[in-house]
Amino acid sequence: MSNLMEVINQLYSTHSATREELKELILCNDKKVLDYLKKLAVKVRESVYGKDIYLRGLIEFTNYCKNDCYYCGIRKSNKNAIRYRLTKEEILDCCKEGYELGFRTFVLQGGEDSYYSCEKICDIVRSIKSSYPDCAVTLSIGEKERSEYQAYFDAGADRYLLRHETADETHYKKLHPPKMSLAHRKQCLYHLKEIGYQVGCGFMVGSPYQTVDHLVSDLLFIKELEPEMVGIGPFISHKDTPFANCENGTEELTVKLLSIIRLLLPNCLLPATTALGTIDPFGREHGIEAGGNVLMPNLSPTAVRKKYMLYDNKICTGDESAQCRQCTELRMEKIGYQVVTDRGDFKRS
Ligand code: 5AD
Ligand code: FES
């Protein structure tokens, strides 16, 4: 255990650890060690971002998807999913409402839906950027050709989220149909970096067949890629997928990994995700208290929220959630953090 305290100190001062050290830390259940890990993660977070919480307004604009990932509720084969697409006007309405509520980043997230051609996405991005020049636009629309990523960037997109899902090739194959590959996913992430996006990767915690060694590989991949953002959340089963009967990931492990990621990449933008808030009523608070600094409240029209069900029991999909901004702000105040009206860019040091 004293050895693990040393590992944490070293993570804090050098932002690195070996495969063996990371594995031991992930396996550790000693409360003293975990409290120390969290304490240093929060210290680092506060030295870079203070007590500020950055908000991202999430606009889930299509749940059509050509992919068939085994874990995902909007996979192509799910015939029970009620499909929808938002028009450009509907998307702009979400931004208008979001802007008035103080959001300065809009995240356009959707399945891989070829209805939205490169030109359509560029047109939407250009419209948002011309109406709200002080806002950042983040895209989260999957794997594309490098030239498409370049076109979105030239149209004004600032950031791109593409979780790598797992950094282990064998594990990747167990989560995805044969035509998807980890190599291509990684290639996309490197293209996005080269183009100049602020890039986000990430993975699910406790996904089926995941081992501790896979998690260590995830951490080492993240360290190698050096993304500006890292999105992690617990796997939560969805009743209409092949993984319907699989166990969910845990809050404890997710929170522990958030702290380790904060120490590995001190400046990263690290959300306490909706999935974390779904497995525990105070999951997002706990994520922030472990080193997170971003929240991504839902800005999608309430009429479609229940249709963007990646996993069962997703929070913020009922009528009560029309104003996630206020809810989020209050929740953060209660734990001593302040939501800010800011683009919330990555801070280099
Ligand atoms: N549980 C948790 N997260 C999920 N995602 C997709 N399906 C699930 C699920 N069942 C995550 C994936 C994806 C992101 C948009 O949502 O990591 O990249
Ligand atoms: Fe959506 Fe609380 S953040 S209802």
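A few remarks follow.
- Each residue, K43 and K334, gets one label point 7 Å from its Cα in the Cβ direction; the gap between the two is 2.9 nm.
- Principal semi-axes of the equivalent ellipsoid, √(5λ) from the alpha carbon gyration tensor of the stretch 88-133, are 20, 11, 8 Å from largest down.
- Per the Kirkwood formula applied to alpha carbons, the stretch 77-200 shows a radius of gyration over Rh ratio, Rg over Rh, of 0.99.
- Gap separating the Cα centres of the stretch 194-254 and the stretch 274-296, nearest whole Å: 15 Å
- Converting the Cα gyration tensor eigenvalues of the chain into ellipsoid dimensions via √(5λ) gives semi-axes, longest first, of 29, 23, 20 Å.
- Residues whose amide H falls under 5 Å from that of H164, counting only those 5 or more places apart or on a different chain, are G202, with hydrogens built in the peptide plane.
- Calculated from backbone phi, Karplus (6.51, -1.76, 1.60) coupling profile of the stretch 64-74 in Hz, x at Gly/Pro: 6, 8, 7, 8, 9, 3, 5, 8, 9, x, 9
- Here the stretch 246-314 is described by how far its Cα atoms reach on the three principal axes: 39, 28, 18 Å, from widest to narrowest.
- Put simply, when 227-239, 164-176 are sorted by average Cβ atoms within 10 angstrom per residue, most first, you get 227-239, 164-176.
- Computed from Cα atoms, the angle from the helix 118-131 axis to the main principal axis of the chain rounds to 80 degrees.
- Over 20 Å apart at the Cα level, from the set K88/K307; K129/K306; K66/K144; K186/K223; K120/K307, are K129/K306; K120/K307.
- With a Förster radius of 56 Å applied to the C-beta separation of V212 and Q326, the computed FRET efficiency comes to 0.90.
- Length-normalised contact order for the chain - Cα pairs under 8 Å, 6+ apart - percent: 24 percent
- Over all directions, the projected convex hull of the C-alpha atoms in the stretch 172-328 averages 10.0 nm² in area.
- The helix-based estimate of mean residue ellipticity at 222 nm for the chain, built from -39,500 (n - 2.57) per DSSP H run of four or more residues and divided by its residue count, is -13500 deg cm²/dmol to the nearest 500.
- Those residues of the stretch 158-184 whose amide nitrogen sits under 19 Å from the label point placed on C118, 7 Å along Cα→Cβ: 158-161
- Per-residue Karplus couplings for the stretch 75-81, computed as 6.51 cos²θ - 1.76 cosθ + 1.60 with θ equal to phi - 60°, are listed in order as 4, 3, 6, 6, 6, 7, 5 Hz, Gly and Pro entered as x.
- Near V339, the amide H atoms lying under 5 Å from its own belong to I53; only residues 5 or more places off or on other chains count, and H is placed 1.01 Å from N.
- In this structure the amide hydrogen of V107, modeled in the peptide plane, comes within under 5 Å of the amide hydrogens of G57, L58, I59, T138, none closer than 5 places in sequence on its chain.
- Per residue accessible area of the stretch 183-268, 1.4 Å probe, in Å²: 32 Å²
- Sorting 153-159, 184-190 by their mean Cβ neighbour count within 10 Å, with the most densely packed peptide first, gives 153-159, 184-190.
- ³J(HN,Hα) computed for each position of the stretch 194-204 - Karplus, 6.51 cos²θ - 1.76 cosθ + 1.60, integer Hz, glycine/proline x: 4, 5, x, 5, 6, 10, x, 10, x, 7, 8
- R83-H184 FRET efficiency (beta carbon distance; Förster radius 22 Å; 0.05 resolution): 0.30
- Relative contact order %, the stretch 89-149, counting alpha carbon pairs below 8 Å whose residues are six or more apart: 45 percent
- Sulfur and carbon atoms: percent of accessible area, the chain [1.4 Å]: 51 percent
- Candidate aspartates and glutamates for bridging to K43, where Cα separation is under 14 Å - those fewer than 8 sequence places away on the same chain excluded: D35, D52, E289
- Cα centroid of the stretch 160-192 to Cα centroid of the stretch 77-99, whole Å: 26 Å
- Relative contact order for the stretch 215-303: 28 percent, from Cα pairs under 8 Å spaced at least 6 residues apart, divided by residue count.
The values are calculated or read from the model by the stated rules, or taken from the named source; none is laboratory data. All values reported here derive from a predicted model rather than from experimental measurement. Backbone-built Cβ (ideal geometry, glycine too); neighbour counts: all protein chains shown. Remember, those area values only see protein heavy atoms, side chains included, never the ligands or the DNA or RNA. Shrake-Rupley method; radii C 1.70, N 1.55, O 1.52, S 1.80 Å.
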